[in-house]
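First up is the structure itself, then whatever we jot down about it.
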Amino acid sequence: MPPRPDLAPDSGLERAEMEALQREIADAAVFEDDFAFDPSTLGDPLAAASSPDDPPIVAGVDQSFLTNAEGEQDRALSAVVAMRGGEVIERVHAVTPLEIPYIPGLLAFREGGPILEALEALSVDPDLLLFDGSGRIHFRQAGIATHIGVVRDVPAVGVAKSLLCGSPRGDLENLAEGTRVPIEANARVDAPDGTLLGYAVQTRQYDSPNRYINPLYVSPGHRVGPDTAADIVLALADSYKLPEPVRLADSYADEAKRGLEE
DNA sequence: GCGACAG
DNA sequence: ATCTTGTCGC
């Protein structure tokens, strides 16, 4: 399938048009595995080294916001960190003016501009994109990971720190490290009830009885199925809760922001 | 009308 | 997202 620049998020659209565009995105999206690389070689340098091909390139994407003299957020900065075999091979960022406020369900229209610009600036081309936000776990099954994944036609996964919609199939408190709980569609989602949208994934957990770490909410963006998406996030989250490419994009977004403010 | 709501 | 100290636990 071809890239779909014609479906890029446009912050100038009416709200109803944005939602209609998201339904198109969901229709064009592929919520199952459709990629050539071996996901087991993503984070592990050893597996990567013993593989016949070049290890796949994974890129993490995250945003930060810049404030003007009046103290208002007026620009969005998107940071992309590309890794191969566990090593950072490139970092790029882009800044664009902020056009619309944050509206749950319409995140891609607020942050899509700088993200697409930053991805253009990347000299390598990623085999997989990891986003800070939802993919299929979205009212219209078209979260930011799905939207950008379809526009670029690159396999993509959504990694959110809180749940936008859908219902967990079980208790999410104090899950064991390495485990997952299905998130299925409910009445708030534009999909048949019970549709598997993604997983709550526990990448890290304390061993003490008192406190516990909340899970991540992982969902397919494009060309990745829900189980593989969870496998990938678990494989990429070694020492921290967030998968490494996203964690590094997160800190790079802050670093680049500071560089522009000082 | 009321509640729910990624970053 | 962003603004920040203290505090818990290893």
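The values are calculated or read from the model by the stated rules, or taken from the named source; none is laboratory data. Bear in mind that the values here come from a model prediction, so they are computed numbers and not experimental data. With ideal geometry, Cβ positions are generated from the backbone for all residues, glycine too; neighbour counts draw on all protein chains shown. Heavy atoms of the whole protein, side chains included, go into the accessibility calculation; ligands, DNA and RNA do not. Shrake-Rupley method; radii C 1.70, N 1.55, O 1.52, S 1.80 Å.
Couple of notes before you dig in:
- For chain A, the mean residue ellipticity at 222 nm estimated from helices alone is -8500 deg cm²/dmol, where every DSSP H run of n ≥ 4 contributes -39500 (n - 2.57) and the total is divided by all residues, rounded to the nearest 500.
- This model, with +1 at the C-beta of Lys and Arg and -1 at the C-beta of Asp and Glu, gives the range A:5-261 a dipole about its Cα centre of some 660 debye.
- For the range A:108-174, GluC sites (Glu not before Pro) are listed when DSSP marks them as loop and at most 11 other Cβ atoms sit within 10 Å of their Cβ; the list is A:Glu173.
- The alpha carbon convex hull volume per residue for the range A:135-252 rounds to 101 Å³.
- Max mean-square fluctuation residue, GNM over chain A, Cα-Cα springs under 10 Å, options A:Pro104, A:Pro192, A:Pro209: A:Pro209
- Separation of the range A:169-244 from the range A:61-96 is 25 Å, based on Cα centroids.
- When you count the other C-beta atoms within 10 angstrom of each residue and take the mean per peptide, A:128-135, A:9-16 line up highest first as A:128-135, A:9-16.
- Heavy-atom accessible surface of the range A:7-105: percent carbon and sulfur, 1.4 Å: 47 percent
- Mean shadow area of chain A, taken as a quarter of the surface of its Cα convex hull (nm²): 14.8 nm²
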